[in-house]
Amino acid sequence: MSMPSYPDISRVLYTAQEIEDRVKELAHAISQDFSGQDVVLIGVLRGSFVFLADLCRQISIPVAIDFVACSSYGASSVSGGNLSITKDVSGVVQGRSLILVEDIVDTGLTLRELKLFMESKQPHSVHIISLLDKPSRRKMEVTVDYIGFTIPDEFVVGYGLDYDERFRHLPYIGVLKPEVYNK
Ligand code: 5GP
């Protein structure tokens, strides 16, 4: 199958096939590690929706699915690490094994705050899985329990990740040409 190419993408970092293979490995690890537990996968909207959809279908133990959405209080106040939850989980999480499903960890601010927020609901445990990790830009220490791929400091799109709500539907992960966001 030929890969759709876009003039705004400078190169493909991970093909659909490479992502599929890695997602299977991650799902296998989760199925083993959480066997016998009451698991809720919590997708962090919107970027994780493709990853979550593929991941959950490769998991072989029973899991529930829920979502949260958040936004930082504004670009300049990000240093405070304050996050506003714009959509809370819908179901019960108390006493359950939560796995936050994220598309990418960059500075770590989002997941650090989200983890604290989830821990305040008295779950059994909170773990984190992220498809991508950009460790070079970390500002907040946060333990990411499962990582798909570690990537360099470049702005990537596709497989759920957007730039200005575009490119989420690309089946691969690609590097966006800097001239697109420097315009
Ligand atoms: P953090 O709080 O870890 O800095 O932010 C994580 C969020 O920043 C991700 O959920 C994502 O929305 C955004 N982000 C960080 N790096 C990238 C990137 O390379 N591409 C895209 N599309 N979003 C990114």
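Suppose R0 equals 30 Å; then what is the FRET efficiency for ASP21 and ASN82 from their Cβ-Cβ distance, rounded to the nearest 0.05? Plugging the Cβ-Cβ distance into 1/(1 + (r/R0)^6) gives 0.20.
In this structure the amide hydrogen of LYS121, modeled in the peptide plane, comes within under 5 Å of no amide hydrogen from residues 5 or more places off or on another chain. Within the straight-line cut-off of under 28 Å between alpha carbons, the lysines reachable from LYS177 are LYS134, LYS139, sequence neighbours fewer than 8 places apart in one chain being disregarded. Each of GLU179, GLU141, GLU113 has its accessible area taken with a 1.4 Å probe; listed largest first, they run GLU141, GLU179, GLU113. With angles folded into 0 to 90 degrees, how steeply does helix 49-58 sit against the dominant principal axis of the chain? Use alpha carbons for both and round to 10. Between helix and principal axis, roughly 60 degrees. Karplus-based coupling profile of the range 137-147, in residue order and whole Hz: 9, 5, 10, 10, 6, 8, 7, 9, 6, 9, 10, with θ = phi - 60° in 6.51 cos²θ - 1.76 cosθ + 1.60 and x standing for Gly or Pro.
Note on the chain: helix-only mean residue ellipticity at 222 nm, from DSSP H runs of 4+ residues weighted -39500 (n - 2.57) and normalised by residue number, equals -7000 deg cm²/dmol. Computed over the chain, the P(r) tail beyond 20 angstrom holds 54 percent of alpha carbon pairs. Would you mind checking the tilt of helix 16-33 against the longest principal axis of the Cα atoms of the chain, expressed as 0 to 90 degrees and rounded to 10? Helix 16-33 sits at roughly 10 degrees to that axis. Whole-Hz Karplus values for the range 168-183 come out as 4, 7, 4, x, 10, 9, x, 8, 7, 4, x, 5, 5, 9, 9, 4 Hz, taken residue by residue from phi with 6.51 cos²θ - 1.76 cosθ + 1.60 and θ = phi - 60°; glycine and proline positions read x. Axis of helix 109-119 versus longest Cα principal axis of the chain: the two differ by about 20°, to the nearest ten degrees.
Under 5 Å from the amide H of VAL40 lie the amide H atoms of ALA64, SER97, LEU98, ILE99, each residue being 5 or more positions distant or on a separate chain, with H modelled from the backbone and absent for Pro and chain starts. Ranking of ASP133, ASP33 by solvent-accessible surface, largest first: ASP33, ASP133 (1.4 Å probe, protein heavy atoms only, all chains present). Expressed as a whole percent, the accessible area of the range 75-174 that falls on carbon and sulfur atoms is 47 (1.4 Å probe).
Couplings 3J(HN,Hα) for the range 93-104, derived from phi with the Karplus relation 6.51 cos²θ - 1.76 cosθ + 1.60 (θ = phi - 60°), are 10, 4, x, 9, 8, 9, 10, 6, 10, 10, 7, 8 Hz, where x marks Gly and Pro. The amide H of ILE128, built 1.01 Å from its N in the peptide plane, has LEU100, ASP145, TYR146 as neighbours under 5 Å, considering only residues 5 or more places off or on other chains.
Beta bridges from DSSP with both residues in the chain: antiparallel share about 35 percent, rounded to the nearest 5. Put simply, when 157-168, 119-130 are sorted by average Cβ atoms within 10 angstrom per residue, most first, you get 157-168, 119-130.
The values are calculated or read from the model by the stated rules, or taken from the named source; none is laboratory data. This structure is a prediction, so every number in the text was calculated from the model and none was measured. Glycine also receives a Cβ, built like all others from the backbone with ideal geometry; neighbour counts cover every protein chain displayed. Surface accessibility is based on the protein's heavy atoms, side chains included, excluding ligands, DNA and RNA. Shrake-Rupley method; radii C 1.70, N 1.55, O 1.52, S 1.80 Å.
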